[in-house]
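To start, the structure under review is shown below, and the notes come after it.
Derivation of every value follows stated rules applied to the coordinates shown; laboratory data play no part. Values in this document were obtained by computation on a predicted structure and should not be read as measured data. Glycine gets a Cβ as well: all are built from the backbone with ideal geometry, and neighbour counts include every protein chain shown.
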């Protein structure tokens, strides 16, 4: 199963991504969590060390992508990257993609080509579950990559800005070939807030996660939400995981 998680900044998608990955790994599955959000905070939701972002391996990327004359390989060697540059614990691995520097800092082609090739490789590895925490804009996935994902989960809180972003992510996901796109409501305090999200979105609603002060405590303590066994939010994400696998 290949899962991408998106949503407006601040809606809780990183906590959701990390907790879902830990739930799946605890079931004895091999899980690769991929952080493709520029904030690179997924490690805190997993209780793992943050490995070196792939985009910072500039010398290796140049050696594998740049040809004589300034051309670039579109299919550089990447199959060894997950094993060499991920942090691991109990069947769970974390790979951090990193960010590509913007204009004014030189050519970005080598890093872009390498990250795209790596992501193509990751989604084609059938033997493990992939949970990818993305940034809100998913255009960087590309059609030939996105169509390999089984599922896009859009995390949405009860606010107009969040549902606007969720609708945009849904539209883009379908346009680039992701087969199934679902929404998850987060930070829900009452039925009216859940109804607001359900009414505002015109695609599948998978479930809700209640507002939970333990989520804030976990973040402040730099501990995974998964370790807070009495957390109502954790219990809700466990139910969502069961629904996904059912």
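Assess whether residue 91 counts as being in contact (Cβ under 8 Å) with a residue 60 or more places away in the chain, surrounded by fewer than 24 Cβ atoms within 10 Å (Cβ to Cβ) and farther than 22 Å from residue 180 by Cβ.
Yes; evaluated as a whole, the condition is true for this residue.
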Original post:
Quick one: residue 242 ticks every box in (1) touching a residue at least 24 places away in the same chain (Cβ under 8 Å); (2) in a helix (DSSP H, G or I) bar one, so which box is it?
Top reply: (1)
Original post:
Could you give every pair whose Cβ atoms fall below 6 Å, whose first residue belongs to the stretch 168-183 and is over 22 Å from residue 12 (Cβ atoms), and whose second residue is buried (at least 19 other Cβ atoms within 10 Å of the Cβ), counting only separations of at least 6 or pairs across chains?
Top reply: 176/146; 177/146
**OP:** Evaluate the following for residue 41: is it under 30 Å from residue 246 (Cα atoms) and either surrounded by 14 or more Cβ atoms within 10 Å (Cβ to Cβ) or in contact (Cβ under 8 Å) with a residue 12 or more places away in the chain (or both)?
**Re:** yes
Subject >> Flag for residue 28 being without any contact (Cβ under 8 Å) to a residue 60 or more places away in the chain and either surrounded by fewer than 23 Cβ atoms within 10 Å (Cβ to Cβ) or outside any helix (DSSP H, G or I) (or both) >> reply: no
**OP:** Answer with yes or no whether residue 4 is in contact with a strand residue (DSSP E or B) (Cβ under 9 Å, 6 or more places away or on another chain), without any contact (Cβ under 8 Å) to a residue 60 or more places away in the chain and buried (at least 19 other Cβ atoms within 10 Å of the Cβ).
**Re:** no
